[in-house]
Amino acid sequence: MKILKTFFVFVFQPAVLGLFVAIILLWLVPEIRTAKNSLSTEIVSLDQSNFDQVWGQPASYSSAVARAAPSVVNIYTKKIERSNYDTSVRDSLGSGVIMSADGLVMTNFHVISNAVEILVLLNDGREVMAKRIGVDIEMDLALLKINIGDLKPISLGNPTEANIGDVVLAIGNPQGIGQSVTQGIISAKRRSGLGTSDLENFLQTDADISDGSSGGALVDAYGRLLGINTATLHSKGAPGISFAIPADIAQEVLQDLVTHGRVVRGWLGIEANLRPLPLEFSQKFNFNRAFEVTDTATAGPAAKSGLRNGDYIITIDGLPITDPPTSVKQITDVSPGQPVKLKVIRRNKVIEFIVIAGDRGLDK
């Protein structure tokens, strides 16, 4: 009897009391009933979100390579080299990208410059001679045509929507060893200052681009073309820094070469440097950069409209100045003969000019 009493006092009674308290808490605080399930759901949702949005890139890029590689070709050329003492012919190599099913191939101008013969080797082993359709020396692009069937043109990506840190693959023919793939990320966008031309607007990547890979494809993780590989800083002691011409610019060049036989770009006839906007004007307009005009072409469009050295251009067609590549492309995208509205600061006064764009290819 004493044992039963002890069991009731020390075991049964506390258990019943605990159960009663738990029932009261569940009734008063219903959130407790779903806390475990909610936590589990939250964890699953978080994991799914990470995989779908943050870690959405494939672990292997074999499908991207399989999609893009048939569109990348090897280019072999015979080039004339002239010196003060002799003229000779040498072999050279590069890469190219099939842009259309009827055989249009984009590559770099420096790959085929001075070429007397251009041979294209397809990914499937077929060889065909190529014809030069046109070139854009300023952008270092050239358009070739090959007459052969069963071609796979590359799928175009959108370089403007690509982000710094996105995975990219460079496909080309480094040192002539055969088609190869290197992997990296987009390191920067709208890169200029290499000194190749006034139109520099590169994608920068750490995917290696070696001799022979010039003119090849820079593709995203799904095999879509983001750029035409064109330059590297290897020779300047900066390995791991390479550049590609954005695919949308290359496509515009292609269309112009096919339609007009040359590239048609707007031109204002000015040279300018990016400068900080004077404080009073930056506060007034809520942006802080401008182009200081340092030179105007004699009888050029800007000079004819009244623009002078020392003027500060603060907007082009209503858009504020952000960086040189963006503003230069904004101007070159204007059709010759069309008006361009410039808002300018001169001697602390804001003046508007209407400049009729010239033709960069003919008037410059």
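We did not get these values from a lab; they are worked out from the coordinates using the rules stated. Since the model is a prediction, treat every value here as computed from it, not as a measurement. Because the Cβ atoms are built from the backbone with ideal geometry, glycine has one as well, and the counts that use them run over all protein chains shown.
Worth a mention:
- Net +/- balance of residues flanking residue 269 in space, Cβ distance below 14 Å, scoring K and R +1, D and E -1: -1
- By other beta-carbon atoms within 10 Å, ranking 109, 202 with the fewest at the front produces 109, 202.
- Per residue, the convex hull volume that the Cα atoms of the range 266-363 enclose (Å³): 83 Å³
- Long pairs among 131/364; 189/349; 284/364, criterion Cα-Cα beyond 31 Å: 189/349; 284/364
- Cα-based shape type of the range 159-260, given that a ≥ b ≥ c are square roots of the gyration tensor eigenvalues and the cut on a/c is 1.5: rounded
- Prolate/oblate/rounded label for the range 233-316 (Cα gyration tensor, a/c 1.5): oblate
- Reachable aspartates and glutamates, given that their alpha-carbon falls under 19 Å from the alpha-carbon of residue 304 and they are not under 8 places away in the same chain: 271, 292, 295, 317, 352, 359, 363
- Given R0 = 30 Å, the distance between the Cβ atoms of residue 362 and residue 211 translates into a calculated FRET efficiency of 0.30.
- Counting only aspartates and glutamates at least 8 places from residue 152 when in the same chain, those with an alpha carbon closer than 13 Å to its own are 102, 124.
- Estimated translational D of the range 70-146 in µm²/s (Stokes, Kirkwood radius over Cα pairs; 25 °C; 0.890 mPa s): 193 µm²/s
- Taking a Cβ cut-off of under 14 Å around residue 298, the surrounding Lys, Arg, Asp and Glu residues balance to a net charge of 0, with basic ones at +1 and acidic ones at -1.
- Size-normalised alpha-carbon gyration radius of the range 81-215, reference 2.2 N^0.38 Å: 1.13
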